[in-house]
Amino acid sequence: MLPAPGHLQAGCGASLMVPGTNGRPAGIGLCRHLHIADDVLDQVWGTKTRLDLTPRLRTSAALDELLGQWREHLAALPEASGEESAAMINWPSRDISGVNALLKHRMQPLVVIAVRPARRTILAGDAPRAFPGVLIREARPDDLDAAAELEMGVIRYDAHFGTAIIRPATEALVREGIRQVLTEWPGWVWVAERDGRLVGLVHVQPPPSSDWIAVMTRPGTTAYLEAMFVGRDERGSGLGAALVKRAHDELDARGISTTLLHYSQLNPLSVPFWSRMGYRPLWTGWEARPAVALRP
């Protein structure tokens, strides 16, 4: 499910290279400096200054030295010492060969990108049951207030694990984002309604809106499951699984070949739930905060 190596994006110009044999490098690294604006919803999902390393290695043994070179580069950057900075690297979740090097340099696994191929079924024991009095339906523009509050529920919970950071503009950005989806791209948010009140939500980004993350998996038609939340009183009932099944049925029917999502590595609810829903870890996002906390 991993993509084939593609062309590296333009970086900051830092020379990060581990020499190998026969004059060929054992590994190279591309560093990008990303600064997230205050009026962009992506500011919720991490620090405002993100120093991102993309490694290309002939052998995983080169990762240790490459991380050391990267730390020297970061030490010279004023923005790398700010509290709103992070050194970040995505590493294939099933490639265990780099884990010790990442830990040695004081990086922590915070987030997982998980993948579900089309028509992978939910485990039999988690098959959704009937919910008397609950209607699962497409969201409408007049659901805006309740839908925005459910999406904020995801953010408030993930903030406990460091994967979300709530700022003064967060609620307004979330509300505007869901308003655009409900009015301009209907049919990609489903809600659970009980007695006229929304008690759950699942929100999917279809292509081409999901192109930003589609590069993280094999070629195909990729969607991104942006949010799923069930109210506290409904948790453990199976309603979350029912909402996800409704989304999966729609995605499979619409020809989506792959679905990706993020969850917090430290979230005790997300890890088992998404595994039961048919998702498997594809990438693990490792971070050091602030960026200069990366150990030489």
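Could you look at the chain and say what percent of its accessible area is carbon and sulfur, using a 1.4 Å probe and all protein chains?
Within the chain, the accessible surface is 54 percent carbon and sulfur.
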* Enter the accessible area per residue of region 176-267 (Å², integer; probe 1.4 Å; all protein chains in place). => 42
* Asked: In square angstrom, what is the accessible area per residue of region 1-44 with a 1.4 angstrom probe?
  -> 64
* Structure fact -> The rounded separation in angstrom of the Cα centers of region 267-296 and region 158-190 is 21
* Which value, in debye to the nearest 20, gives the size of the charge dipole of region 1-156 about its Cα centre, when Lys and Arg are +1 and Asp and Glu are -1 at the Cβ? -> 940
* Asked: Using the per-residue mean of other Cβ atoms lying within 10 Å as a proxy for protection, in what order, highest first, do the peptides 40-47, 193-200 fall?
  -> 40-47, 193-200
* Which of these values of semi-axes √(5λ) of the Cα gyration tensor in Å was calculated from the structure shown: [x] 37, 21, 17; [y] 34, 25, 16; [z] 26, 24, 17? -> [x]
* Placing +1 at every Lys and Arg Cβ and -1 at every Asp and Glu Cβ, with all other atoms neutral, what dipole size does the chain have around its Cα centre, in debye to the nearest 20? -> 1140
* Structure fact -> Computed over the Cα atoms of region 126-215, the Rg and Dmax in Å are 14.3, 41
* To do: Could you tell me what percent of the DSSP beta bridges with both partners in the chain are antiparallel, to the nearest 5?
  => 85
* Cβ-based charge dipole, the chain, positive-most Cα from Val204, Val44, Ile166 -> Val204
* **Full-extension gain in nm, Gln9 to Glu171, via 0.36 nm per residue minus C-alpha separation** => 55.1 nm
* Report the net charge of residues surrounding Ala101, where surrounding means a beta-carbon distance below 10 angstrom and charges are Lys +1, Arg +1, Asp -1, Glu -1. => -1
* **Residues with amide H under 5 Å from that of Gly162, placed H, sequence gap 5 or more** => none
* Karplus-derived 3J(HN,Hα), 6.51/-1.76/1.60, for each residue of region 83-100, Hz, glycine and proline x -> 4, 9, 10, 8, 8, 10, 8, 9, 10, x, 4, 8, 8, 7, 5, x, 4, 5
* **Computed helical MRE - 222 nm, the chain, DSSP H runs ≥ 4 contributing -39500 (n - 2.57), nearest 500** => -7500 deg cm²/dmol
* To do: Would you pull out the residues with amide H under 5 Å of Arg106's amide H, same chain only if 5 or more places away, H placed 1.01 Å from N?
  => Arg295
* Asked: Taking a probe of 1.4 angstrom, what is the accessible area of Val115 in Å², to the nearest 10?
  -> 10
* Asked: Using a 1.4 angstrom probe and counting only protein chains, how large is the accessible area of Met152 in Å², to 10?
  -> 10
* **region 20-89-region 224-238 distance, computed between alpha-carbon centres (Å)** => 34
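The values are calculated or read from the model by the stated rules, or taken from the named source; none is laboratory data. Just so you know, these numbers come straight off a predicted model, no measurement behind them. Every residue, glycine as well, gets a Cβ built from its backbone with ideal geometry; the counts of neighbours run over all protein chains shown. We work out accessible area using only protein heavy atoms, side chains counted, and drop any ligands, DNA or RNA first. Shrake-Rupley method; radii C 1.70, N 1.55, O 1.52, S 1.80 Å.
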